[in-house]
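The structure appears right after this line, and notes come after that.
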Amino acid sequence: MPPSAYTASPTTAKMPIAAMMRGPGPAKYGLPSCLGHEHHDIRKGKSPAFSFGRRVVTNASNHSPGPAYMVPARMTRRGGDGAPAYSLHGRTSMAKPLCTPAPGHYAPERKSTTKVSGYSFGMRTRRFNHDSTPAPNNYNIPSCVGSGVGARSSAPAYSMTGRSKIGSFHEDLRNTPGPGSYKTIVPAVYKYKSPAYSMNARNYLPSDNTQKPGPGTYKPEKVINHKAIAPKFSFGVRHSEYMALMPACRE
């Protein structure tokens, strides 16, 4: 074989790519715990830890009474509370029966030595027989009701005349007026008139009367009349994970 067939080409070192390096996952790392006293993370501070003491061995010869014995309520750890205490004494025997009078035996109105003032109605004197003052019903005041009130001003008075049967609906019941015969008075005649409004005729803007196509008339998908082919869209290709995307520069 010719010597040129054994010519070796020099190799160049390739730069490391981060995508080619597969490192361990987050669960691979085992950090020391921050709880407890043993195997604690030396980089973290520890809080004070407390534990229960050991049980002290009691003396088997101790036979003190339990909480079943009765302690007085007024007894404290320093002795009695010092509050006054009272008790009921026995009933003493009476030498003689009690003769105290009842409330109905007293008569204080009879105990007074002086005479109590008393009052009574006196007799009618004679001078009242000659009194000629008239009683209230002797006065005759003219009435103020109606038209004849004398010098006083009176309100207008009205009266109703008798119903005449001549020419009325009693002669012919067909002449009885119905509900439509009465004319309704407009409230604006005897009350305040409310503002009245009216509607003006509709004004049309000057426009063109030609027929315009609606939105459904247009077909934008048919663009082959002025283009070679209609536009088409598709998904992009999958790029390699070793490819670095460079930001585009904008002026």
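A few remarks follow.
- Inter-site label distance for Tyr29 and Tyr69 at 7 Å from Cα along Cβ, in nm: 6.7 nm
- Carbon + sulfur, % of accessible area of segment 188-242 - ligands and nucleic acids excluded, 1.4 Å: 58 percent
- Straight Cα distances below 19 angstrom link Lys227 to the lysines Lys219, with same-chain residues fewer than 8 positions distant left out.
- All lysines inside 25 Å of Lys222 as judged from Cα atoms, apart from same-chain residues fewer than 8 positions distant: Lys212, Lys232
- Phi to ³J(HN,Hα) by Karplus 6.51 cos²θ - 1.76 cosθ + 1.60 over segment 89-106, Hz, x for Gly, Pro: 8, x, 6, 7, 7, 8, 6, 9, x, 6, 10, 6, x, 7, x, x, 7, 7
- A 1.4 Å probe, protein heavy atoms only, puts the accessible area of Tyr218 near 150 Å².
- Each residue of segment 195-206 is assigned a 3J(HN,Hα), and the resulting list reads x, 10, 10, 9, 9, 7, 5, 6, 9, 9, 6, x Hz, derived from the Karplus form 6.51 cos²θ - 1.76 cosθ + 1.60 (θ = phi - 60°), x at Gly and Pro.
The values are calculated or read from the model by the stated rules, or taken from the named source; none is laboratory data. Not measured: the values here are computed from a predicted model. Using ideal geometry, Cβ is built from the backbone for each residue, glycine included, and neighbour counts are taken over all protein chains shown. The protein model used for the area step is the full one, side chains on, heavy atoms only, and it has no ligands, DNA or RNA in it. Shrake-Rupley method; radii C 1.70, N 1.55, O 1.52, S 1.80 Å.
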